[in-house]
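Note sheet for the following structure.
Each reported figure results from applying straightforward, stated rules to the coordinates on display, with no laboratory input. Here the structure is a predicted model, which means the values were calculated and not measured. Methodologically, a virtual Cβ is constructed for each residue, glycine included, from the backbone with ideal geometry; neighbour enumeration extends over all protein chains shown.
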Amino acid sequence: MEKEQLIAEINRLRKEKNAVILAHYYQVGEIQDVADVVGDSLALAQWAEKSDADILVVCGVHFMGETAKILSPQKKVLVPDLAAGCSLADSCNADEFGKFVTEHPDYTVISYVNTTAAVKAHTDVVVTSTNARKIVDQFPKDAKLIFGPDRNLGGYINAVTGRNMLLWNGACHVHEQFSLEKLVELKKQYPEAKVLVHPECKKEIADLADVVGSTQALLNYAVDGEFTQFLVCTESGILHEMQKRCPHKEFIPVPPAGRACANNECDYMRMNTLEKLYLCLRDEQPAIEVDETIRERAVRPIHRMLEMSK
Ligand code: 13P
Ligand code: SF4
């Protein structure tokens, strides 16, 4: 089917089925353009909680669909490709994490939203990169905290909040692979450019940032400020929204190590296509299912996050 026809069918089906399409900023541009809501992980979770649609189509990766299903078990939650996973979520095995938590009984457990439902079930409060600092700040200074699974985000939050949280040793393969050498070169080439860095990046990259923040925070900084040129260290899908909102500003994606001029893209996010989105709306599958015992335990730390980030 041609692109225009796919879009027309998606529009017809979503209306007919009372479905809402939620897309993460790292999706391909054409999916972002047809979505009802485009946002970061926090925005998608907030929408999933409040939406009165019968069907939620989550265009992102598996844990995002799972978070929506945990919050809205009565709704059908569809994803265009069930195999769209996440290396960061994979870096935290639920049994091993559960053992680690049991070994530290007097600790409060904070988990990044990029985790499976089973890991969330071992968690006291979930965070996203948008609200991690705000939520950690609400615990007493001497609170004993575990933070998992992202060692870079955890290390960054430790540094800015003066904490010493115990960190799980996980990471995102996309954000960890930005080239320091290339960033230094680009800074010389574009001395006026502001450096935007996601906190899942390594410290050596974050140390060169003008602003470290979630996908939404980086977007806000680019849109709201007077600066006009940016070096972007996060998944390059965000450039679509940045360029759309600021057509006269210049956004330069920093490449991954070993690939001099390639964009840094998450292969999992790119598994979703317009055609798969159309097919999943048409066939109402693949659907996300979460075991009810796990869901009951996983929903508590997500609700706590939504409360604490108000
Ligand atoms: P945010 O959407 O919280 O910025 O997270 C980035 C990410 O890697 C999502 O997979
Ligand atoms: Fe996971 Fe990284 Fe891809 Fe985000 S960009 S979905 S954290 S692998």
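Ranking of SER41, SER72 by neighbouring Cβ atoms within 10 Å, starting from the fewest: SER72, SER41. Potential lengthening of the chain between VAL184 and ALA8 amounts to 58.9 nm, from the contour at 0.36 nm per residue minus the alpha-carbon distance.
About its Cα centre, segment 101-224 has a charge dipole of approximately 60 debye under the convention of +1 per Lys or Arg Cβ and -1 per Asp or Glu Cβ, with nothing else charged.
A cut-off under 14 angstrom between Cβ atoms defines the neighbours of GLU2, and their net charge, with Lys, Arg +1 and Asp, Glu -1, is -3. Taking the chain as a Gaussian network of alpha-carbon nodes connected by springs under 10 Å, the highest mean-square fluctuation of the residues ALA159, ALA84, ALA68 belongs to ALA159.
Taking 0.36 nm per residue of separation and subtracting the Cα-Cα distance, what length does fully extending ARG304 through LYS141 add?
Gain on extension, ARG304 to LYS141, equals 56.8 nm.
For segment 98-165, with only Lys/Arg (+1) and Asp/Glu (-1) charged at the beta-carbon, what is the dipole magnitude about the Cα centre, in debye rounded to 20? So the magnitude is around 140 debye.
Loop only by DSSP, 15 or fewer other Cβ within 10 Å of the Cβ. Give me the GluC sites (Glu not before Pro) in segment 124-196 that pass, ordered by residue number.
Counting only loop positions with at most 15 other Cβ atoms within 10 Å, the GluC sites (Glu not before Pro) in segment 124-196 are GLU192.
In segment 175-310, the inverse of the mean reciprocal separation of distinct Cα atoms equals 17.3 Å; this is its Kirkwood hydrodynamic radius. Mean-square fluctuation check for the chain, GNM, Cα pairs under 10 Å: which of ASN164, ASN18, ASN152 is largest? With Cα springs under 10 Å in the chain, the top fluctuation among ASN164, ASN18, ASN152 is at ASN18.
Compute the relative contact order of segment 211-272 as a whole-number percentage, counting only Cα pairs closer than 8 Å that sit 6 or more residues apart in sequence.
Taking the mean separation of contacting Cα pairs over the length of segment 211-272, I get 28 percent.
When the GluC sites (Glu not before Pro) in segment 48-157 are filtered for DSSP coil states and for at most 11 other beta-carbon atoms within 10 Å of their beta-carbon, the remaining sites are GLU103. Remark: relative contact order (segment 3-87) = 25 percent; criterion is Cα-Cα distance under 8 angstrom and separation of 6 or more residues. Of the chymotrypsin sites (Phe, Trp or Tyr not before Pro) found in segment 1-83, no site is in coil according to DSSP while having at most 13 other Cβ atoms within 10 Å of its Cβ. Taking every alpha-carbon pair under 8 Å whose residues sit at least 6 apart, segment 138-187 reaches a relative contact order of 35 percent. Placing pseudo-labels 7 Å out from each Cα toward the beta carbon at ASP124 and GLU103 gives an inter-label distance of 1.9 nm. Net charge dipole, the chain: roughly 500 debye, given to the nearest 20, about the Cα centre with Cβ charges of +1 for Lys and Arg and -1 for Asp and Glu.
Cα-Cα over 19 Å: which of LYS99/LYS144; LYS69/LYS120; LYS144/LYS203; LYS134/LYS187; LYS203/LYS249?
Listed pairs above 19 Å: LYS144/LYS203; LYS134/LYS187; LYS203/LYS249.
In segment 118-239, taking the dipole from charged Cβ atoms about the Cα centre, the farthest positive-side position among HIS173, ALA143, TYR156 is held by ALA143.
Taking other C-beta atoms within 10 Å as the exposure proxy, HIS62, HIS24 rank HIS62, HIS24 from fewest upward.
Over the Cα atoms of the chain, what is the Rg over Rh ratio if Rh follows Kirkwood?
Values: Rg = 19.2 Å, Rh = 19.9 Å.
Radius of gyration relative to Kirkwood radius: 0.97.
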